[in-house]
Amino acid sequence: MDMTDTSLPQPRATLMLRRLWKDHRIWMISALILIVLTISDRSQARATVIFTTDALLTTAPFLVLSIGIAAWATATGADNLIARAFTGAPALMILLAALAGGLSPFCSCGVIPLIAALLAMGVPLSAVMAFWLASPVMDPSMFVLTTGVLGLEFAIAKTLAAVGLGLIGGWAVHLMGRAGGLSDPLRDGIGNGGCGGSKVHAPKPIVWRFWFDPDRRAKFGREALNVTLFLLKWLTLAFILESLMLVFIPAENITSLLGGTGIGPIVLGTLVGVPAYLNGYAALPLVGGLIGQGMAPGAGLAFLVAGGVTSLPAAIAVWALVRPRVFILYITMSLTGAFVAGLLFQLWKFA
């Protein structure tokens with residue numbers, strides 16, 4: 001009886017720890033880093049906290065603007081405009097899909113289910129691929145934060161890279177599809193639409209004056225809170241890592257590895273972006289720190305584009321959704337587009 005009583009709390013405690021890790025693992029990782037720093041080097045822990053706090057305060061105006069944009073898009077229903085990008089002639093669909101992916105705010109949880117719904121409905125893979133490639137790279141919130149962290153020129157280059165990647169990928173898939181090699185792209189059993197499918201199956205009207213609707217006001221508040229917590233946890237971790245990177249990674253190593261004007265640093269930035277990428281928002285201050293230490297701007301852009309499209313969570317989701325040949329095409333287009341974007345930006349910077 002005693003053994004039973006003492007063993008009962010263990011599964012419950014394990015469940016609580018798993019849930020805590022699932023919901024708050026980014027905060028826990030940041031706290032763990034600070035705890036280890038405090039134990040091993042208290043002065044560095046203090047310097048890291050000061051650096052992170054100053055960086056968050058400096059970025060705060062851009063955070064407020066990006067949070068407002070995301071909450072406004074959700075409350076008004078403006079993200080339903082994405083569905084209109086997938087109607088019309090192939091050339092028009094590819095153009096609008098690339099623009100929609102690169103310029104419009106969209107819930108990250110709805111991207112993969114939306115793509116499944118589009119493909120299941122028979123929307124051409126070319127238009128879907130254009131949106132698919134452009135969407136993770138840039139949106140209005142990301143543009144605002146990129147401007148604040150890396151400057152307006154870099155933000156514009158990243159936006160052009162996103163739209164260009166979508167256009168090139170969409171047209172490449174369109175030309176390949178005409179040869180009949182990309183039919184039936186989804187895996188068996190995929191295509192129920194998920195949380196993003198309703199935006200295509202039954203798009204809701206947009207209510208620009210959302211503040212007159214209590215439900216939409218509540219939705220605005222919930223979205224603002226969710227985005228605030230999301231950005232804070234990732235940016236806090238990113239600035240902590242940046243502070244440590246500035247201390248423990250010698251600038252001359254960065255300069256010799258990723259600096260310079262040749263193709264090598266851009267190739268390396270493209271390849272390193274895949275495993276080293278954390279999150280679209282978290283990567284910005286990290287790349288800013290690397291560029292400050294001598295990283296080539298083109299390599300930085302290639303890192304952000306490649307990492308955004310082919311990050312591990314995104315790649316796993318894509319692999320689970322589509323057949324291997326489409327997945328390979330997706331990865332190939334992502335890396336090639338990231339390299340080309342980085343090369344063009346490098347040529348522009350040093351012209």
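The residues of the stretch 340-351 that are surrounded by fewer than 22 Cβ atoms within 10 Å (Cβ to Cβ) and under 20 Å from the mean Cα position of the chain (by Cα) amount to a single one, V340. From the list T228, T147, the one residue that fits, being surrounded by fewer than 21 Cβ atoms within 10 Å (Cβ to Cβ), modelled with pLDDT under 85 and among the hydroxyl-bearing types (S, T, Y), is T228. Taking each residue of the stretch 40-60 that is free of Cβ contacts under 8 Å to residues at least 60 places away in the same chain and looking for partners that are among the hydroxyl-bearing types (S, T, Y) with beta-carbon atoms closer than 6 Å, six or more apart or interchain, yields A45/T38.
Would you confirm whether or not the stretch 87-95 contains a residue that is assigned to a helix (DSSP H, G or I), surrounded by fewer than 19 Cβ atoms within 10 Å (Cβ to Cβ) and modelled with pLDDT under 80? No; the residues of the stretch 87-95 include none that is assigned to a helix (DSSP H, G or I), surrounded by fewer than 19 Cβ atoms within 10 Å (Cβ to Cβ) and modelled with pLDDT under 80. Looking across V111, V64, V49, one residue alone is of a type outside the set (K, R) and modelled with pLDDT under 65. It is V111.
Does at least one position in the stretch 9-19 carry a residue that is within 22 Å of R222 (Cα to Cα) and either in a helix (DSSP H, G or I) or at pLDDT 85 or above (or both)? Checked the stretch 9-19: at least one residue is within 22 Å of R222 (Cα to Cα) and either in a helix (DSSP H, G or I) or at pLDDT 85 or above (or both).
If you check L34 against the conditions, is it out of contact with any strand residue (DSSP E or B) (no Cβ under 7 Å at 6 or more places or on another chain), open to solvent by less than 80 Å² (accessible area, probe 1.4 Å) and at pLDDT 90 or above? The answer is yes for L34. Among residues of the stretch 207-221 that are closer than 11 Å to W72 by Cα and in contact (Cβ under 8 Å) with a residue 40 or more places away in the chain, those with a beta-carbon under 6 Å from a residue that is of a type in the set (F, W, Y) and in a helix (DSSP H, G or I) at least six positions away or on a different chain give the pairs R216/F210; R217/W211.
The values are calculated or read from the model by the stated rules, or taken from the named source; none is laboratory data. Given the structure is predicted, the values throughout are model-derived calculations rather than measurements. Here the Cβ is made from the backbone with ideal geometry for all residues, glycine too, and neighbour counts use every protein chain on show. Calculation scope for accessible area: heavy atoms of the full protein, side chains included, ligands and nucleic acids excluded. Shrake-Rupley method; radii C 1.70, N 1.55, O 1.52, S 1.80 Å.
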